[in-house]
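Enquirer: Mind having a look at this structure? Questions to follow.
The values are calculated or read from the model by the stated rules, or taken from the named source; none is laboratory data. All values derive from a computational prediction rather than experimental measurement. Note that each Cβ is placed from the backbone with ideal geometry, even for glycine, and that neighbours are counted across all protein chains shown. All accessible areas refer to the heavy atoms of the entire protein, side chains included, with ligands and DNA or RNA removed. Shrake-Rupley method; radii C 1.70, N 1.55, O 1.52, S 1.80 Å.
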Amino acid sequence: MKALVLEAQGRLAQKECSVRQPDPDELLVKTEAATICTSDLNDIKHNSFGIRFPMIMGHEGAGVVVAVGKNVTGFNIGDRIAAHPVMPCGTCSNCLRGLPHLCGNMKHLGINLEGVFAEYFCIRADRARKIPNTMDYDVASLMEPVSVCIEALERANVKKDGTVLIIGDGPFGIIMTRLLRVYNPGRVILTGRHSFRLAMAGNAETIHERETADVSEKVYQLTNGEGVDSAVLCVGTGQAVNTAITCLKARGTLSVFSAVMPMPAIDLFRVHVKELNLCGSCNDENYLDRALELLDKRELGLKDMITHRIPFDNWEKAFELAEKGKDEALKVTLTFT
Ligand SMILES: [Zn+2]
Ligand SMILES: [Zn+2]
């Protein structure tokens, strides 16, 4: 099969690889759609998770089952499925206390398991979900990004009629503004630096950072001087952390979804006097079914998150768009025929 292999830091190449037969608890899937994630771009560039080369990349995938491991029940050849890339061990202390997404022995497609940027991939059956007949594979490949966005919003303690600030107009920030419709908040504000992406925010009010002298002041203007109840950090800068801390109301919550590098100086005095809650959100607490349900809600328009569908053989163009096309692309999906 053809596959995209990370051969060294910064070097992704199309290679011919053998198709692995599924383990007893796995499915072998013929890939139909595989979507590029911001974290793939980071992994290729920085290899922060210590990927051992060579590794087939990619973790947002969907396809059709072509072989079923001998211990698997509930799946058959021909089933259309979406894959979730995180494999918790089920036996470590985090798994046992109900936090499998923070498993200490986690396996992850595209990091320490062969990923979905290939004509075939294997997935543990408990991490796959059958998708509705009416759902396209490209949409289904968004099951995991939507799951992690749900986690970020849940951790941000989003409340009905509350005010929510999403900082960052990357794919995750935009998906969150769309998902927020089901939480019925009073007001959603998205800040970012790209007109094209800000325009995809659905019903959210937007602040263009390049055209705004003081983002926090603008947030206070939009909220009649009150600030916001919840904030989600979808960009990894210290400045964004402090914008959130400035804009939160007393007892507000900041959900740190992005990895912030380098370590920022944080205004903990404000955290103290406003009794803010700072929390992280990473992976997701098993929101696979919920994510598919929301992907199937046409009114959220999550299908529109995919701006480009590009044949697998043109992968170089796809990666360039995902990396540099901030004024024309959001999610870029590789398609297979
Ligand atoms: Zn991802
Ligand atoms: Zn575990």
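Enquirer: To the nearest 10 square angstrom, what accessible area does Asp304 show with a 1.4 Å probe?
Expert: For Asp304, solvent-accessible area is about 90 Å².
Enquirer: Helix-only mean residue ellipticity at 222 nm, the chain, DSSP H runs n ≥ 4 weighted -39,500 (n - 2.57), per residue, nearest 500. What is it?
Expert: Roughly -6500 deg cm²/dmol at 222 nm, from the helical runs in the chain.
Enquirer: Cys95: accessible area at probe 1.4 Å, nearest 10 Å²?
Expert: Answer for Cys95: close to 20 Å² accessible.
Enquirer: Still on this structure, I have one more. Which order do you get for Thr206, Thr191, Thr73 if you rank them by accessible area with a 1.4 Å probe, largest at the top?
Expert: Thr73, Thr206, Thr191
Enquirer: Among Cys89, Ala33, Ile123, whose Cα lies farthest out toward the positive end of the dipole of the chain, if unit charges sit on the beta carbon of Lys, Arg (+1) and Asp, Glu (-1)?
Expert: Among Cys89, Ala33, Ile123, the one farthest towards the positive end of the dipole of the chain is Cys89.
Enquirer: Same structure again: If DNA, RNA and ligands are ignored and the probe is 1.4 Å, what is the ranking of Val260, Val116 by accessible area, most exposed first?
Expert: These residues rank, largest area first, as Val260, Val116.
Enquirer: Here is a further query. Taking the Cβ of Ile77 as the center, what net charge do the other residues with Cβ under 13 Å away carry, scoring Lys and Arg +1 and Asp and Glu -1?
Expert: Cβ neighbours under 13 Å give a net charge of +2.
Enquirer: Further question on the same structure: Could you compute the net charge surrounding Asp23? Neighbours are other residues with a C-beta less than 15 Å from the C-beta of Asp23; K and R count +1, D and E count -1.
Expert: +1
Enquirer: Which shape class, rounded, prolate or oblate, goes with segment 1-139 when its Cα gyration tensor gives a ≥ b ≥ c as root eigenvalues, a/c under 1.5 marks rounded, and past that a/b bigger than b/c marks prolate?
Expert: Here segment 1-139 falls in the oblate category.
Enquirer: Ignoring ligands, DNA and RNA, please state the percent of accessible area on the chain from carbon and sulfur, probe 1.4 Å.
Expert: Roughly 48 percent of what the probe reaches on the chain is carbon or sulfur.
Enquirer: Give me the distance between the Cα centres of segment 282-336 and segment 115-185, rounded to whole Å.
Expert: Value for the Cα centre distance between the two parts: 10 Å.
Enquirer: Using a 1.4 angstrom probe, figure out how much accessible area segment 287-337 has per residue, in square angstrom, rounded to the nearest whole.
Expert: Dividing the accessible area of segment 287-337 by its residue count gives 52 Å².
Enquirer: So what is the relative contact order for the chain, in percent, with contacts set as C-alpha pairs under 8 Å and at least six apart?
Expert: 17 percent
Enquirer: Counting Lys and Arg as +1 and Asp and Glu as -1, what is the net charge of the other residues whose Cβ lies under 15 Å from the Cβ of Leu278?
Expert: +2
Enquirer: Next question, about the same structure. Which residue fluctuates most in the GNM of the chain (Cα springs below 10 Å): Thr253, Thr212, Thr307?
Expert: Residue with maximal mean-square fluctuation among Thr253, Thr212, Thr307: Thr212.
Enquirer: With springs connecting C-alpha atoms under 10 Å apart, model the chain as a Gaussian network and identify which of Ile166, Ile56, Ile310 has the largest mean-square fluctuation.
Expert: Ile310
Enquirer: If ligands, DNA and RNA are left out, what is the accessible area of Ser93 with a 1.4 Å probe, given in Å² to the nearest 10?
Expert: 90 Å²
Enquirer: For the chain, what is the charge dipole size about the Cα centre, in debye to the nearest 20, if Lys and Arg each add +1 at the Cβ and Asp and Glu each add -1 at the Cβ?
Expert: 300 debye
Enquirer: Let me ask you something else. Rounded if a/c is under 1.5, else prolate if a/b is larger than b/c, else oblate: which is the chain, with a ≥ b ≥ c the root eigenvalues of its Cα gyration tensor?
Expert: Judged from the Cα gyration tensor, the chain comes out prolate (a/c at least 1.5, a/b above b/c).
Enquirer: In whole Hz and in residue order, list the ³J(HN,Hα) couplings for segment 14-24 that follow from phi through the Karplus curve 6.51 cos²θ - 1.76 cosθ + 1.60, θ = phi - 60°; x for Gly and Pro.
Expert: Couplings: 7, 10, 8, 10, 7, 7, 7, 7, x, 5, x Hz.
Enquirer: Using the Cα centre as the reference, give the magnitude of the dipole from point charges on the C-beta atoms of segment 157-280 (Lys, Arg: +1; Asp, Glu: -1; all else neutral), rounded to the nearest 20 debye.
Expert: It works out to roughly 300 debye.
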